[in-house]
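The values are calculated or read from the model by the stated rules, or taken from the named source; none is laboratory data. Computed from a predicted structure; not experimentally measured. Note that each Cβ is placed from the backbone with ideal geometry, even for glycine, and that neighbours are counted across all protein chains shown. The area values use the complete protein model at the heavy-atom level, side chains included, leaving out ligands, DNA and RNA. Shrake-Rupley method; radii C 1.70, N 1.55, O 1.52, S 1.80 Å.
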Amino acid sequence: MSTAFVVFYRNMNLGHPNSPSRAILENALREAGASARSFQTNGTVLIEAGDAAPRELVHRAAPRLLTVSGYDDAAFVRPLDQLTAILDRDPFAGAGDERTYRETFTFFDGGQEFGAPIPWTNDRGDVDIIEIADGVALSVIRKTGTRAGSPTAEVEARLDVPATTRTAGTIRRLVQAFR
């Protein structure tokens, strides 16, 4: 039996301009050799790659997504077991306070050193990165007025790589749905 992986596409909103529909996204991944099941509408997809490398299958699907929908952005692949293990540790326990707006997972590949000790708070005080390892930054964000902090922007600026963020609630629902 193959291992399940999750693909997190950056800046993908199914059915919106320059994003595929659910059917196009799933079909592009299937044509590349993966079983695929989209989760929600934010470019989060559960795949099984069989004996193939999951990142290679995502790479093979990319030209089809570009041709059919105009989508051409980053995709981050993580084992479902990695997400489950993070949640099982309950890393957000005690990390937030009454000002917490959301708990988040930010995904990225590569990059330079973060350059600051973790936990780290940005200058505006609306993003606390509480943990960063293996291409995942865990953060607590706050709203200042109507604007919420952006862990994606903070990770991209500090590591000089593309990134994408999902709420911890999304990750919990994803793990629960596919456990």
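Quick rundown of the values:
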quantity	calculated
Count - residues of the stretch 23-47 that are surrounded by 15 or more Cβ atoms within 10 Å (Cβ to Cβ), assigned to a helix (DSSP H, G or I) and either free of Cβ contacts under 8 Å to residues at least 40 places away in the same chain or in contact with a His (Cβ under 6 Å, 6 or more places away or on another chain) (or both)	3
Search result, residues across the stretch 122-150 that are touching a residue at least 12 places away in the same chain (Cβ under 8 Å), acidic (Asp, Glu) and exposed (fewer than 15 other Cβ atoms within 10 Å of the Cβ)	ASP134
Some residue of the stretch 98-117 being surrounded by fewer than 18 Cβ atoms within 10 Å (Cβ to Cβ) and either aromatic (Phe, Trp, Tyr) or in a helix (DSSP H, G or I) (or both)	yes
LEU65 being buried (at least 19 other Cβ atoms within 10 Å of the Cβ), in contact with a helix residue (DSSP H, G or I) (Cβ under 8 Å, 6 or more places away or on another chain) and within 22 Å of ASN13 (Cβ to Cβ)	yes
Conditions (1) surrounded by 16 or more Cβ atoms within 10 Å (Cβ to Cβ); (2) in contact with an Asp or Glu (Cβ under 9 Å, 6 or more places away or on another chain); (3) of a type outside the set (Ser, Thr, Tyr); number of the one not met by ASP73	(2)
In the stretch 48-61, the residues that are touching a helix residue (DSSP H, G or I) at 6+ places or on another chain (Cβ under 9 Å) and not in a loop (DSSP other than H, G, I, E, B)	GLU48, LEU57, VAL58, ARG60, ALA61
Qualifying residues in the stretch 1-21 (those that are free of Cβ contacts under 8 Å to residues at least 40 places away in the same chain and over 17 Å from the mean Cα position of the chain (by Cα)) - the one most open to solvent (accessible area, probe 1.4 Å)	MET1
